[in-house]
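> What follows is a single structure, and I will ask about it in a moment.
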Amino acid sequence: MLTATQLTNLRLGTLKTAVTDWEHMVRRLRVLATGEGEGAGGINAAQLKSRAEAANWKGVNATVGKSFVTKTASEFDDVVTEAESVLAILRDAHTAFTKHKADLNAAIDDVAKSNIYIDGKGQAHASVPSGGAAGADAKIHTPSEAELDAAQARVTRILWEAHEDDRIAARALRRFAKHGYDFSDQGVTGLKDADRQQGKADAEYWAKKIEKGDVKDWSDAELARYNAALKDQRDNPGFTETLATELGAKGTLQFWRDIAAPPGGAVEGDRAKLLAQVQDNLSMTLANASHSDSPAMEAWKKDVIAAGGKPFPVDPAVPMGPNGFQVMSSLMHKGKFDSDFLHDYGSAMLKYERNYPGAPGVAWRDTTDLDYPPTGNPNDPVAGFMDGLGHNPEASLEFFNGSTGQGDDKLRNWDYLVGHGKEAREWPVDDEGKPMGYDNLGHALESATLGYPYDDKDPSIPPMKTEAQIQAREERLDLVSKVVDNYKSADLIDKQPGIRDSLANIGAGHIDSLNYSMADWGSSGELGDRDGLFNSDQRHLRDLGESNTANFLRALGSDKESYDTVSSAQQMYGSSLMAAQGNHHDAAIDAGLHSVAMHGMLDQARSEAIGEQFADEEKARNKELEKQGEWRNFFAGAAVGVTVGVASEIIVPAGAAAAIAVPLAFETAGGAAETHMATQTIDWLDENEYNNDQKAAEGIQKAKQDGQHNAMTPLLNYAKEHDMTPSEVRRLTIDARGVYNDGGEYTDTDDVRGW
């Protein structure tokens, strides 16, 4: 890949000169070939060919001479075609590299403002000036890990795009220079066209190799070459569609079955690591191909579904092996597949499973390991399909609203996949009887409710400008309402291991509607102008029900990681809700107090969970309470803006466990209505010992104080920005203490337990 130094030092003037020279060359060659253009008037190849064909040739010249002259004349057309192709490539390359160089320089300048330095290789480093260099009164910013990761991702993306354009241009130019005197009539119109042609040629080459049927014997070097081709071309329709259609549906499935699980079982060691890359890149390749609506690809998609119930053995003489659904679903963990294909495929798969005699596990009895690295899941195709939905929000939302079966047997996909009771799906279990696949289900629910892929590294809340966008928002909220209503106890969540993280992300991504739902105590919302305070009409919020919301938050608050995620989102949103009130002092205070109450709910739920879990283990209890407070001391630059009355240092756990687009209560200067956060946990306390002495007691008290401080931060920032008097701050604190305790009562279950 190109380095940052190579791109910033690129001499674009030389490339521009080459473009100009080839423009002159094309004009001169066109005159020689056709007689058209500036400088025309002399003999040209077209005239020579016309005269040769009209002449009365005799003897040997009637065949040899005439053929030579007409063929030579025709070569001028090919020369022009190649010259125009070279010009198109050079021109596109100049345009592309001008943009890449400008983008890189802009990125370097932008991240430098956050004290981040990009070295010659394109690596991001913190570069914090000394106090003396910055000035005695200057506030020195130390970039967070999240900022460094974002800077690195931005620069890496620019360098990768530049590398791709360089690779395509170089290969195209080498092709034209390969035969000095044998010109081709197959030209290109630019880099995009060259990329398509190169991809098609590569796909045809690899399809022929695969069709030989010896993929099980491929060396690691050959497999690595194939993986490199997939990686370079996985977003190139010329490659992806050609590879899929040349292999055909059955050939595609048989290939992965053969190479992933050859005779002798799953692969291990370095080859297994290589296969993990191949699986990801092949998945993205097929996902890209699925968006083509050509007759050949439409046939491929239908044939894949038709092969769903058929076995794919290693040895045709022993017709046993995973069926088509199992193989195809193992290739759905990456990439965004076409929505219609996902709908048709998923519906056919669930129909096959529901109609198969016995439990769902019987339908997928073959446990051949097709995933790398191994997931431990006994080849459940529904799990892989859920990840496919997790990368296509529109298809995921549609699928959960769909159904399978007919008549009395008809059942909503939501009820079958998420629900409970005898009609719901029995997810497979591991050797210890623990259900598997719920993490994949969570991925699908995330994309359906949040409107972006569950693993999006730079998520953004979908816009809500057009009627169609608003309708999509309402449909997502319909599903959120089902999620909140369904997952309202920690016990239920824990019975679906792996889904909790996704539920926390859903809660964080819809923290605005959760707040709105908890602002109608005693049906006071209408008289208290709840809609105005939260701007519900413009923000398109949904009342999810006070009881359901409280139970959902209690269930999430009971776990450390999900508590961190939702509590962090709450502070972001609460601060922005205050800022959104502008100069309306009373409304801003009301917004802040409401946020304090929400924190009280979450903190009480977390404290109860710790108390239950460690009631007889005081040492562990002290440690967990201490950790609950300590994570709050990490700061990230989630700026809500001091210009609207709220200080910018919002306390958010730093790190990159999960990127979430948290909705804000107002439009930012850039037009976005969200900010990003990530969650992390800390384990530094493992290095310390605690006991039931005064130190431990002080640690518990400190954790409580940190929780209260976190809840009060937006209010105190507001008070400082608006020069509130000490008396006003004291009254504000009394009010905040009251609503914080009131919020805790929502999630306090002492009466239920009889404590």
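The values are calculated or read from the model by the stated rules, or taken from the named source; none is laboratory data. Just so it is clear, the structure is predicted and the values come from calculations on it, not from any experiment. As a convention, Cβ positions derive from the backbone with ideal geometry for all residues, glycine included, and neighbour counts pool all protein chains shown. Areas reflect the complete protein model, heavy atoms only, side chains present, ligands, DNA and RNA absent. Shrake-Rupley method; radii C 1.70, N 1.55, O 1.52, S 1.80 Å.
> Would you be able to tell me the number of residues in the stretch 556-581 that are farther than 19 Å from M712 by Cα and either in contact with a Pro (Cβ under 9 Å, 6 or more places away or on another chain) or surrounded by fewer than 24 Cβ atoms within 10 Å (Cβ to Cβ) (or both)? Break it down into steps so the answer makes sense when it comes.
Keep residues of the stretch 556-581 that are farther than 19 Å from M712 by Cα, which gives 556, 558-562.
With the extra rule that they be either in contact with a Pro (Cβ under 9 Å, 6 or more places away or on another chain) or surrounded by fewer than 24 Cβ atoms within 10 Å (Cβ to Cβ) (or both), the set shrinks to 559-561.
Selection size over the stretch 556-581: 3.
> List the number of the failed condition for Y416; all other conditions in (1) surrounded by fewer than 23 Cβ atoms within 10 Å (Cβ to Cβ); (2) more than 30 Å from S547 (Cα to Cα); (3) not basic (K, R) hold.
All conditions pass for Y416, except number (2).
> Can you tell me which residues in the stretch 397-420 are under 25 Å from Y452 (Cβ atoms) and either basic (K, R) or over 30 Å from the mean Cα position of the chain (by Cα) (or both)?
R412
> If you don't mind, there's one more thing I want to ask. I'd like the full set of residues that are assigned to a loop (DSSP other than H, G, I, E, B), on the phi < 0 side of the Ramachandran plot and open to solvent by 40 Å² or more (accessible area, probe 1.4 Å), limited to the stretch 334-364. It would help to see each step written out before you state the result.
Residues of the stretch 334-364 assigned to a loop (DSSP other than H, G, I, E, B): 334-338, 356-359, 364.
When the remaining residues are screened for being on the phi < 0 side of the Ramachandran plot, the result is 334, 336-338, 356-357, 359, 364.
Result: K334, K336, Y356, P357, A359.
> Can you give me the ranges of the helices (runs of 4 or more DSSP H) entirely in the stretch 459-530 with at least 1 residues that are open to solvent by 30 Å² or more (accessible area, probe 1.4 Å) and out of contact with any strand residue (DSSP E or B) (no Cβ under 7 Å at 6 or more places or on another chain)?
Working: elements: 467-486, 490-494, 500-509, 511-517.
In the stretch 459-530, 467-486, 490-494, 500-509 are the helices (runs of 4 or more DSSP H) which contain 1 or more residues that are open to solvent by 30 Å² or more (accessible area, probe 1.4 Å) and out of contact with any strand residue (DSSP E or B) (no Cβ under 7 Å at 6 or more places or on another chain).
Quick grid of which residues meet (1) at pLDDT 60 or above; (2) open to solvent by 50 Å² or more (accessible area, probe 1.4 Å); (3) part of a loop (DSSP other than H, G, I, E, B):
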| site | (1), (2), (3) |
| --- | --- |
| K16 | yes, yes, no |
| E23 | yes, yes, no |
| K49 | no, yes, no |
| E53 | no, yes, no |
| V60 | no, yes, no |
| V80 | yes, no, no |
| E84 | yes, yes, no |
| R91 | yes, yes, no |
| A96 | yes, no, no |
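> Tally the residues that are surrounded by fewer than 24 Cβ atoms within 10 Å (Cβ to Cβ) and either part of a loop (DSSP other than H, G, I, E, B) or of a type in the set (K, R) (or both), restricting the search to the stretch 284-300.
4
> Quick one: in the stretch 582-595, of everything that is under 17 Å from D520 (Cβ atoms) and open to solvent by less than 10 Å² (accessible area, probe 1.4 Å), which residue is modelled with the lowest pLDDT?
So, considering only residues that are under 17 Å from D520 (Cβ atoms) and open to solvent by less than 10 Å² (accessible area, probe 1.4 Å), the one modelled with the lowest pLDDT is S595.
> Sticking with this one: Have a look at R473, R530, R500 and point out the one that is farther than 22 Å from K560 by Cβ and within 21 Å of the chain's Cα centre (by Cα).
On the way: R530 fails: within 21 Å of the chain's Cα centre (by Cα); R500 fails: farther than 22 Å from K560 by Cβ.
Step by step, each of R473, R530, R500 is checked, and only R473 is farther than 22 Å from K560 by Cβ and within 21 Å of the chain's Cα centre (by Cα).
> Another question, then. Return the pair list, or none, for Cβ contacts closer than 9 Å from residues in the stretch 1-27 that are within 16 Å of A107 (Cβ to Cβ) to residues that are open to solvent by less than 90 Å² (accessible area, probe 1.4 Å) and of a type in the set (F, W, Y), at least 6 apart or on different chains.
Listed pairs, sorted by first residue: M1/W160; L2/W160; L7/F97; L10/F97.
> Hey, does the stretch 435-444 have a residue that's open to solvent by 40 Å² or more (accessible area, probe 1.4 Å), outside any helix (DSSP H, G or I) and touching a Gly at 6+ places or on another chain (Cβ under 7 Å)?
no
> Looking at the stretch 304-315, I want the residues that are in a strand (DSSP E or B) and have a partner that is open to solvent by less than 30 Å² (accessible area, probe 1.4 Å) and at pLDDT 90 or above with Cβ atoms under 6 Å, at least 6 apart or on another chain. Which pairs are those?
P311/N323
> Out of A261, A244, A272, report the one residue that is open to solvent by less than 30 Å² (accessible area, probe 1.4 Å), touching a Ser or Thr at 6+ places or on another chain (Cβ under 7 Å) and within 18 Å of L370 (Cα to Cα). Break it down stepwise before answering.
Values: A244 fails: within 18 Å of L370 (Cα to Cα); A272 fails: touching a Ser or Thr at 6+ places or on another chain (Cβ under 7 Å).
On inspection, the qualifying residue turns out to be A261.
> Also, quick follow-up: Restricting the search to the stretch 537-555, which residues are free of Cβ contacts under 8 Å to residues at least 24 places away in the same chain and either open to solvent by less than 10 Å² (accessible area, probe 1.4 Å) or in a loop (DSSP other than H, G, I, E, B) (or both)?
Residues of the stretch 537-555 free of Cβ contacts under 8 Å to residues at least 24 places away in the same chain: 537-538, 547.
Across the stretch 537-555, there are no qualifying residues.
> Please specify each residue of the stretch 710-737 satisfying the condition of being part of a helix (DSSP H, G or I) and either modelled with pLDDT under 55 or over 18 Å from H594 (Cβ atoms) (or both). Before the answer, list the steps.
Filtering the stretch 710-737 for residues part of a helix (DSSP H, G or I) gives 710-721, 726-737.
Residues satisfying the conditions are K720, E721, P726, S727, E728, V729, R730.
> Between a first residue in the stretch 414-436 that is basic (K, R) and a second residue that is assigned to a loop (DSSP other than H, G, I, E, B), which pairs have beta carbons less than 9 Å apart while being 6 or more apart in sequence or on different chains?
Pairs that qualify, where the first residue is basic (K, R) and the partner is assigned to a loop (DSSP other than H, G, I, E, B), are R425/V418; R425/G419; K434/P497.
> Something else: I need a count of the residues in the stretch 365-387 that are on the phi < 0 side of the Ramachandran plot, open to solvent by less than 40 Å² (accessible area, probe 1.4 Å) and either in contact with a helix residue (DSSP H, G or I) (Cβ under 6 Å, 6 or more places away or on another chain) or free of Cβ contacts under 8 Å to residues at least 24 places away in the same chain (or both).
So the answer is 9.
> Any residue that is in a helix (DSSP H, G or I) and either in contact with an Asp or Glu (Cβ under 8 Å, 6 or more places away or on another chain) or among the aliphatic types (A, V, I, L, M) (or both) - is there at least one of those in the stretch 418-433?
So far as the stretch 418-433 goes, no, none of its residues is in a helix (DSSP H, G or I) and either in contact with an Asp or Glu (Cβ under 8 Å, 6 or more places away or on another chain) or among the aliphatic types (A, V, I, L, M) (or both).
> Taking only pairs six or more apart or across chains, which ones have beta-carbon atoms under 6 Å, a first residue in the stretch 80-106 that is in contact (Cβ under 8 Å) with a residue 40 or more places away in the chain, and a second residue that is outside any helix (DSSP H, G or I) and charged (D, E, K, R)?
T81/D185
For every residue, the table says whether it meets (1) aliphatic (A, V, I, L, M); (2) within 22 Å of M1 (Cα to Cα).
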residue	(1), (2)
Q198	no, yes
D232	no, yes
T240	no, no
H291	no, no
A296	yes, no
